[in-house]
Each structure stands twice: as C-alpha cells, then as structure tokens.
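Below is one structure; the comments refer to it alone.
No value in this document is a laboratory result; all are computed from the given coordinates. Remember, predicted model here, so these are calculated numbers, not experimental data. Here the Cβ positions follow ideal geometry from the backbone for every residue, glycine too, while neighbour counts run over all protein chains shown.
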Amino acid sequence: MLPRTLRLTCARTALPRTTTKSVFTIAVRKYTSPAGVPPVELKKTPLHDLHVAAGAKMVPFAGYSMPVTYADQGLAESHKHVRTKAGLFDVSHMVQHRFTGPAALPFLQSLTPSDLSKLLPNTSTLSCFLHPVTGGIVDDLMITLHGPEDFYVVSNAACAEKDLAYISENLSSFPRRSEVEHTVLDGQGLIALQGPESMLILNEFLLHCLGDTASCPDLKKFLFGQTMFVDSPYGKLHVARGGYTGEDGFEISIPKEHTVAVTKELLEIGKGDRVKLAGLGARDTLRLEAGMCLYGHDLDDSTTPIEAGLKWLVGKDRVAEGGFHGHETISRQYADWKQVPRRRVGFTIEKGAPAREGAEIVDPATGEVLGKITSGCPSPTLGTNIAMGYIKSGFHKAGTEVAVKVRGKTRQATVAKMPFVKANYWKGE
Amino acid sequence: MSFRIATRLAGARFVAPRAARTFATTPRVNVVIKKYTQDHEWISLDTEDASKIATVGITSYAAQSLGDVVYVELPPLTSPVLAGEPFGAVESVKSASDIMSPVAGEVVAVNEALNDKPSIINASPEGEGWIVKLKVKSLEAEGLMEEAEYKKFTEE
C-alpha cells in the first residue's frame, strides 16, 4: 500500500545534495528502528484491527505495523487535540519487563546510573541502560518500583533485540544471577491516555469498572510519577501517571485479551470530541515540544546521559559509590562540565524552512561546524520552528545565536530552553 | 491559459475549455495535456499555446500524504531545471519533500502566494496550489504517466 517516492530533504539542482528520500520513507524513517531491519512480516499489536477500522495510515515501526495518523485528523490537528482535550495512543509495541528477586535491585543498578534504592514503592523514574566503559546509552527506559524485589520496566520497541541481548549477556555474568528473574510481558497491551481531559475520562472509566465511588481510587491524589494496580473486570490493570507528551495522562498496561475492550471503553467514554486516537506522528511532535528524547535520534550508543542533558537521572550517591557500567566516564563528566564535549540543547529557528534531523549547526561568525540537529519540526502548538540537537560545549547556553543549514541555506537559530511547551503534569491540587 | 483550464478540470487528460474562460476571439480547441511523475508531481501544458509554458505542482495524493504544508521553498526565476532533479521543497509538520521537475525547462514564474499561505497546497494541490511555471520544449520525458496510470500507481 505504501507508495514509493516524492523525494525529500535536499538541495536544489545547483546546490550540494545530501540525501534523497521519499516523503514516505521519511515517515517511515522517523519511526523506524535504528537497527533498521526491515521485517518480512510485521507484528501486530492487540489494537491493530481497531487502528485499521479507524482509517489509520499504518507504517512499519520497530517491526510492528503502527498507526501514524487516523482518517479523522491530520497530524497538526491530532497534536492540538492532545494538548487541548485528550488523545489515546497505542504503545503496545514497547517492551514491558519485570525484574524480580532479591538481586533485582543490584542487577538493575549495575546497568543504570539511577539510585533505585531511593525510589518509593509505586513510583517511576526515567533511566537508561549503559554500555560498559564508555557510559553510552543502550536504551532509555522507565523503571517502576513495585516492591523492594519487584521492578516493572518499559523500554523502546526499536531497541528490543539489542536490549534483550544486553540484559541476558549482563545477567549471565552477574554474580547473583540466580537471584534475579527477568520476564518479558509478551503480548501485554499498553496504551497512553494523554491530555488535559485524561483524568476525567479515566475517572469515568474507573467508576464504570468498579461500580461505586468507595472502591474507586481518587485520581486527584494520584500524582505524576506514581503508579497503581486496578483490579477490574478487564483483569489487573497497571496505571502509571505520566507519558511522553508533556501533558497530564496515564499509561495503562492491560492483559492482552482485554486490550481492545479497555481501549473501546475509553473511546466510548470520550466519544464526540473528548478523546481521539492519536498516532506516532503526533507522538513525535508532542514529545519534541516537551523536550523529550527519542532513542535512535536524540540518544544513541555513543551518547552519555550527561551529554544528553539527563544528569538529573544520575544518582549522586551512585556516582560516589560506583559499581555501574560507564561509571568512570560518567563520574568524570558529572564532576566537571569541562569533561563534557557536547550538550543536547533546544533551538528555535527563524521563520521558513524548519531544521530537521541531520542539519548542521554552525557558528555564524566563523562557519565552524558546532554540531547537528537530531530532531526538528514546525511546532503545531507554537507555530514556530523548534529543534533539538547536540552542540559543542561553550555554545550551549540559552540565547546563544547560531545558524543551521537547511538544504544548503543558512538559517538563524537560537539555543533555547526546553521544554518548548510548558509541561502540564498533575502534581496535586 | 493552460493553467486555468487545468485548475478547472483537474485530472482530465484532454479538455476543451469553456468559451467563457478563453479570451480568444474565435473559437478554438485547446488541448491540455496533464501528466504525472512517480515522485507525485503533476505537469500540465496547453499544446496549442505557442509559448510552451507548463505548470507544475504536487498531486492531491502527495498533498494528502504530506499533511499540513507549512513552508514551500521556491526556486529563483530563470533558473534552469532538469528532469528528475529537485527545484524546491515542500515542508509539512511531518517531513520535508523535494519537488522534482517532471521535465527539463526554465523557471518563468513561481507561485508567490505560497510564501504567505503554504496551506493553499493542501486546499488545492492541482489548482491554486501550483508551484512553478516552466518554459519547456515538450512534455516528453521518461517515466511520465497518464492520469489512469498514475491513479493505479498510487493504489499499488
């Protein structure tokens, strides 16, 4: 079904050309595994048929057939709907894991720089798996503590193969390997309800599921970063407050056989104009406005969390104690910014052509190449061009005037603070 | 004139203009040829028009696939273009796409309205959302398709 061409991202005849891609390849590129393995048979999430019935434009992403947009809304419209009302995303392609056992904590701490011992029960944190020595990021992930010996982890679909090999390799050389059990929740559904209406919609869903207000959790006391289990007629649901859009919202993990029913019920509650299905297209522009990284674009194996602007997820005590992959590199960078050659920052770009992934960042005074854009788009919320990328340290301060090259033309860009759009997380009344 | 007719009856291969839309004093039959590329551009030319000025844009199918167009990069006037080579670009929220010239020629006009309102491309990709006018020799070039063939191509 996917057509071939309409070529992309290059210069005019007379100008030097970098790449020639089709509009359709670009849609795919954005959402394809960095490993880039074109799967023969695409996997389907439990919601696949529901997407097709809703007129979704399906593309291959990380080995799955996934929706980019739906028939009823264009990308910008869908994006704005999430910011103003609510959107429902299928993220069942992401990999859900459990790490249990007496050595689950030390095992995860040997792979990540996070201080998981300080994590409160039923709360989540962003973290990352690290490569030994270099401290490069294998993948970024969400880690939730359910109990002192029980962790729930969500990692990127695009890194599934790499992550599983990494986990099993590290586990096999871990001294207390017999005290760790790693399970992949294969086939488990995962949906993200995002946007200002999310709380009302989920509340109605819970009331409907649980029957009475007494057994219903008070969502006003359920804060950003917290998680809970709900015993529902649809089985045990895991609800995490947060997401990948910068809006208030929930990520709901659902037993495979109930994923369609839960999704349909949420859509029914929000029918009319409150909740609409949203695809990978809106997910990408929303997360960029929120200043969040997309692995394979803004993060990769050669980038440390400090360079990536994720110093906040590195535990101070972990740096002091060590005992995790890449500790030497990360502690050096943690202690001294001079050890950090480049930094991930945001950019606003003058009116006109947006700067996208791969665009060079240059010093307007000398023409020196300072780095590269890793994600960029016209912001549907702001109406201006936004981007993020890596820039040579020293040029990273907000307000620094630089230039980016788009199809051979130089455009003015300014280093900007992220998020570009203020986060709207629920932190209580 | 060729463009106007193409606008009116976008998609038709051979169209006879309405008398009211031609300024010719005597009735004549204009023959507008419209062709499509694998890169999803269209080109139309009034073969009776001795000036040989063709109009180029992106197809409805392409505009729909791109989504909301936010910026169009237009070529400078009088610049030469080559068949199958990019002369400009269309940017949507989702992506940037080169506009490839269906045939060789010289840019004689650009649609300045797109500078202020790039969304015209979404509203009327094969009409008011035309991109350039090219002085051409003919519409003979490798890989150009007739409407039916192009339609089939997009359905594959």
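What FRET efficiency, computed as 1/(1 + (r/R0)^6) with R0 = 22 Å and r the Cβ-Cβ distance, is obtained for A:Asp300 and A:Ser168, rounded to the nearest 0.05? Show your work: numbers first, answer last.
On the way: r = 21 Å, r/R0 = 0.97.
The computed FRET efficiency comes out at 0.55.
Cross-link reach is defined here as a Cα-Cα straight distance under 13 Å, omitting same-chain residues fewer than 8 places apart; for A:Lys276 the aspartates and glutamates meeting it are A:Asp72, A:Glu77, A:Asp90, A:Glu197, A:Glu265, A:Glu268. Using the Cβ-Cβ distance between A:Asp317 and A:Lys256 with R0 set to 51 Å, the FRET efficiency works out to roughly 0.85.
For A:Cys159, A:Cys128, the sequence from fewest to most other C-beta atoms within 10 Å is A:Cys159, A:Cys128.
Extension gain for A:Thr134 to A:Val369 (0.36 nm times residue separation, less C-alpha to C-alpha distance): 82.2 nm.
Short-range pairs are left out: with C-alpha atoms under 8 Å and at least six residues apart, the relative contact order of the stretch A:341-416 is 39 percent. Neighbouring Cβ atoms from other chains, within 10 Å of the Cβ of residues in A:344-352, number 1 on average.
As an exercise, use a Förster radius of 41 Å and the Cβ-Cβ distance of B:Val108 and A:Asp72 to find the FRET efficiency, rounded to the nearest 0.05.
Using R0 = 41 Å, I get an efficiency of 0.50.
With neighbours defined as other Cβ atoms within 10 Å of a residue's Cβ, the residues A:Thr259, A:Thr348, A:Thr84 order from fewest to most as A:Thr84, A:Thr348, A:Thr259. So what does the Cα-only Debye profile of the stretch A:341-416 read at q = 0.11, 0.26 Å⁻¹, as log10 I(q)/I(0), no solvent term? With no solvent term, the Cα-only Debye profile gives -0.21, -1.23.
Normalised by the number of residues in chain A, the mean separation of alpha-carbon contacts (under 8 Å, six or more apart) gives a relative contact order of 17 percent. For the stretch A:275-400, averaging the sequence separation of C-alpha pairs within contact (under 8 Å, six or more residues apart) and dividing by the residue count gives a relative contact order of 25 percent. Each residue in B:Trp42, A:Trp312, A:Trp426, A:Trp337 was given a count of other beta-carbon atoms within 10 angstrom of its own, and listing them fewest first yields A:Trp312, A:Trp337, A:Trp426, B:Trp42. The overall shape of the stretch B:32-155, judged from the alpha-carbon gyration tensor, is oblate: a/c is not under 1.5, and a/b is no greater than b/c. Under a Gaussian network description of chain A, with springs only between Cα atoms under 10 Å, the residue in A:Leu267, A:Leu382, A:Leu88 that fluctuates furthest is A:Leu382. Translational diffusion coefficient of chain A (Stokes-Einstein, Kirkwood radius from Cα pairs, 20 °C, 1.002 mPa s): 95 µm²/s.
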